[in-house]
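Nothing in this text is a laboratory measurement; each read-out follows from the coordinates by a stated rule. Computed from a predicted structure; not experimentally measured. Every residue, glycine as well, gets a Cβ built from its backbone with ideal geometry; the counts of neighbours run over all protein chains shown.
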Amino acid sequence: MLNLLGEFIGELRAAGIPVSMSEHVDAARAVEVIDLANRSMVRATLAATLVKDGDHLPVFHAAFEVFFALRSIESVEDLLNEASNAERESSEGASGASGPGQGRGQGGGSGLSANELAEHLFRALLNGDAEALRFGASEAVSRYAGMEPGRPVGGTYYLYRTLRNLELDELAQRLLESGRHDHGGELAERLAREEVTARIEQLKAEIEREIRERLVEDRGSRALAKSVRKPLPEDLDVMHANRDEMAQLERALRPLSRKLAVRLARKRRRRRRGPVDLRHTVRRSLSTGGVPIDLRFKPPRPAKPEIFVIADVSGSVASFARFTLHLVHAISSQFSKVRSFVFVDGLDEVTALFEGAEDPADAVARINAEADVIAFDGHSDYGRALVSFHDRFAKDLTKRSTVLILGDARNNYHQAHAEVLADLHYRAKAVYWLNPEPTSYWNSGDSIVNQYAPYCERVIECRTLRQLEAFVGELA
Amino acid sequence: MSALDPREELAQRLGLARVPPPRFESPAEVQKLLAENDYLSDESIASVTYLADRLAKPVLIEGPAGTGKTALARAVADSVGARLIRLQCYEGLDESKALYEWNYRKQLLRIQAGRPEGAGTEEWHHLEEDIFAEEFMLTRPLLEAISATDPVVLLIDEVDRVELETEALMLEILSEYQVSIPELGTIRAKQIPMVFLTSNNTRELSEALKRRCLYLYVGYPSIERERDIILSRVPGISSALAEQIAAVVRSLRTIDLKKARTLVVLGREEIGDEDAAATLHILLKYQSDIERATKELFGRSRPVA
């Protein structure tokens with residue numbers, strides 16, 4: 001068990017979860033006092049001792065599923081010479097018989113035909129029967145996934161194959177119809193629909209688990225863990241996030257901005273005290289007979305910076321711009337003023353959208369629909385956007401203004417107009433360029449970061465939420 | 001694997017005469033005891049509570065508001081028959097409010113009452129020793145929990161509200177179950193108290209604090225558990241209705257709202273659209289949320305009474 005635990009912790013660390021030595025010791029002690037045969041107990045124990053952040057739990061669970069798949073738990077039991085339970089034997093047999101299964105009607109180690117399987121799943125879902133569902137999932141994987149040992153394919157491929165053959169939409173429809181009542185308004189309908197969705201999700205999770213377990217058997221935990229490892233939300237590459245990851249990012253952003261705001265507000269309040277408050281000091285001195293023993297200070301009033309955000313919202317970097325705008329506006333109380341501009345090849349001010357909105361996310365969503373950012377062909381043109389900003393808003397820049405430019409500086413071979421940025425730099429307190437591309441890609445192809453860089457305080461690589469948060473925190 | 005049982009080890013360190021027996025036999029027993037005290041736990045809650053007792057470690061509970069973090073500590077206290085000592089954290093909480101404070105008025109009185117004419121240095125030393133005794137100390141929750149002789153459960157509520165510096169105050173208690181007072185020396189716990197900390201995650205807690213605790217994330221309950229909670233908390237409610245309420249609440253949570261709470265009391269047998277619309281304002285606390293939910297759930301906007 002200790003070896004397994006060590007490997008498991010190694011995997012968690014590789015995935016970015018900080019696990020200290022003392023936590024390792026705690027976990028080792030904890031597993032001594034629990035019933036190892038109880039898998040969910042093992043899971044809860046390890047989660048409690050090793051993971052200290054709710055956001056890290058999904059990553060933990062993914063790793064746990066791989067390392068402590070039902071079968072390896074059994075081998076742990078064997079190791080400890082405990083009575084191994086033979087409950088899983090049946091599916092063990094099924095997986096051994098998984099044939100090539102090209103499409104429907106082929107292979108399949110058991111006697112269920114395609115129709116019988118569909119019927120079985122339908123009934124299992126309808127009755128919420130977990131045991132039957134598990135059996136059905138295992139059958140479905142044997143039948144449709146077409147798993148072959150040693151094939152270097154990710155689990156998603158098998159999952160896709162299985163799900164495609166199961167025709168889940170049809171299944172969902174059937175479930176919906178069988179559960180339908182004549183009465184009940186839209187609310188009842190919505191609830192029924194959600195219930196069906198939840199159950200289908202359950203089935204998907206079951207199938208995913210089944211596939212993962214077979215892969216573990218085939219390749220071993222460590223190799224598989226490496227291939228299914230998911231980065232923590234704050235380490236996801238914003239520019240290349242897929243839809244699921246994007247949803248994760250959205251979820252992570254809200255608490256992140258809240259925490260950042262709290263931290264900055266505290267920092268501001270706790271900063272060094274201001275000048276001596278004479279009035280207050282004299283009043284205090286009355287209790288010591290007029291001798292000012294106890295000096296009183298005015299509360300500090302550090303100047304808040306003024307922020308101008310100029311964001312490229314063309315396709316390639318749009319999501320990065322959205323996140324940054326969201327974050328900056330979420331902590332706008334830390335700045336005296338925040339003005340936002342978005343551009344593709346034309347430039348438009350969107351500050352008003354944020355002022356009306358309670359939630360920055362709403363405003364960000366409206367940018368796409370309402371901002372007028374395309375003047376010509378809809379390919380980003382940094383030169384033109386900067387000129388347009390300079391013509392209309394340069395007069396508003398003062399020595400208290402900080403300019404943030406967000407974008408990859410891929411100018412589609414248009415003119416750079418770096419001299420405009422030079423003037424902006426001269427007028428403002430500071431100019432920062434946040435580039436969502438990895439540093440190694442800068443200045444390759446049509447990226448012209450180098451031409452702008454001399455007029456920026458810094459050009460910063462900003463690929464993940466962590467980097468973004470660190471920068472914005474520094475700014476305030 | 002000949003390591004000492006964590007409880008034995010701690011008892012030795014604290015110098016206890018005997019090792020207090022574990023409070024719970026198994027997670028299943030935790031679950032049962034909590035249920036008897038009207039707290040429906042799930043497997044992970046029960047497991048972590050059991051571990052906290054067996055390993056003699058504090059538990060840090062995190063999760064959205066209103067998911068029963070504080071209630072868990074209370075239920076645990078009730079189920080083991082212990083006194084609950086609660087420290088409510090807030091910004092600006094300091095040593096004198098959390099740990100102990102010298103009762104200087106009483107000390108002053110003692111000095112004045114005991115001042116003989118022309119007392120010498122010896123007299124003064126005696127007095128000095130005297131006024132820094134436990135008698136002149138006001139114990140605050142943390143010290144109270146440590147020095148209690150009866151069974152106690154210590155709850156440090158909303159620990160994320162205090163500053164980082166104050167958090168450090170708690171570290172000694174959390175890992176060693178002792179408090180060091182410069183004038184008195186170290187006060188060790190006379191038993192092994194159970195300690196719960198809750199956090200709403202408004203800021204990142206320090207690594208040092210997290211490392212000393214077991215971590216429990218309490219999320220929104222599953223639909224079945226939510227139904228059972230409603231059943232146990234609202235007497236006389238039919239199980240079909242409870243199920244429906246739970247389903248509505250789950251549905252609300254999928255909509256992106258500022259705040260969604262549980263618990264409704266309805267004198268009906270079934271929820272229709274009208275009832276649901278009329279009671280949304282019990283569940284939701286922001287007007288903008290109510291409008292949004294109405295639109296999502298009923299497919300049209302409708303003013304809410």
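Inter-label distance, B:Tyr220 to A:Ser113: 4.3 nm, where each label sits 7 Å from its Cα along the C-beta direction. Tell me, in nm to one decimal, what length is gained between A:Ala357 and A:Ala14 on full extension, where the rule is 0.36 nm per residue of separation less the Cα-Cα distance? The A:Ala357-A:Ala14 span can extend by a further 119.5 nm. Among the GluC sites (Glu not before Pro) in the stretch A:274-371, those located in a DSSP loop and surrounded by at most 13 other Cβ atoms within 10 Å of their own Cβ are A:Glu358. Here is the list for the stretch A:408-476: chymotrypsin sites (Phe, Trp or Tyr not before Pro) lying in DSSP coil, each with at most 14 other C-beta atoms within 10 angstrom of its C-beta, are A:Tyr413. A Förster distance of 51 Å, applied to the separation of the beta-carbon atoms of A:Thr439 and A:Glu170, puts the FRET efficiency at 0.55. At an R0 of 60 angstrom, the distance between the Cβ atoms of A:Ala470 and A:Ser178 translates into a FRET efficiency of 0.70.
Using only side-chain charges placed at the Cβ, +1 for Lys and Arg and -1 for Asp and Glu, the dipole size of the stretch B:1-85 relative to its Cα centre rounds to 360 debye. Farthest toward the positive end of the dipole of the stretch A:21-62, out of A:Phe60, A:Met21, A:Ser40, is the Cα of A:Ser40, where the dipole comes from beta carbon charges about the Cα centre.
Projected label points at B:Gln88 and A:Thr288, each 7 Å from Cα along the beta carbon direction, are separated by 3.5 nanometres. Charges were assigned to the Cβ only: +1 to each Lys and Arg, -1 to each Asp and Glu. The resulting dipole of the stretch A:242-363 about its Cα centre is roughly 1540 debye. Neighbour counts of other Cβ atoms within 10 Å put A:Val364, A:Val387, A:Val431 in the fewest-to-most order A:Val387, A:Val364, A:Val431.
Summing charges over neighbours of A:Tyr455, with a neighbour being any other residue whose Cβ is under 14 Å away from its Cβ, gives 0 when K and R count +1 and D and E count -1. When only the Cβ of Lys, Arg, Asp and Glu is charged (+1, +1, -1, -1), the dipole of the stretch B:70-139 relative to its Cα centre reaches about 540 debye.
Between B:Leu138 and B:Ser175, the modelled label-to-label distance comes to 3.1 nm, taking each label 7 Å out from Cα in the direction of the beta carbon. For the stretch B:9-118, the set of chymotrypsin sites (Phe, Trp or Tyr not before Pro) satisfying both a DSSP loop assignment and a count of at most 15 other C-beta atoms within 10 Å is given as B:Tyr90. Cβ crowding within 10 Å ranks B:Cys89, A:Cys456, A:Cys462 as A:Cys456, B:Cys89, A:Cys462, fewest other Cβ atoms first. For the pair A:Glu32 and B:Glu122, what calculated FRET efficiency results from E = 1/(1 + (r/R0)^6), where r is the Cβ-Cβ distance and R0 = 56 Å, to the nearest 0.05? Approximately 0.50, to the nearest 0.05.
Each other residue within a Cβ distance under 12 Å of A:Ile207 adds +1 if Lys or Arg and -1 if Asp or Glu, for a net charge of +2.
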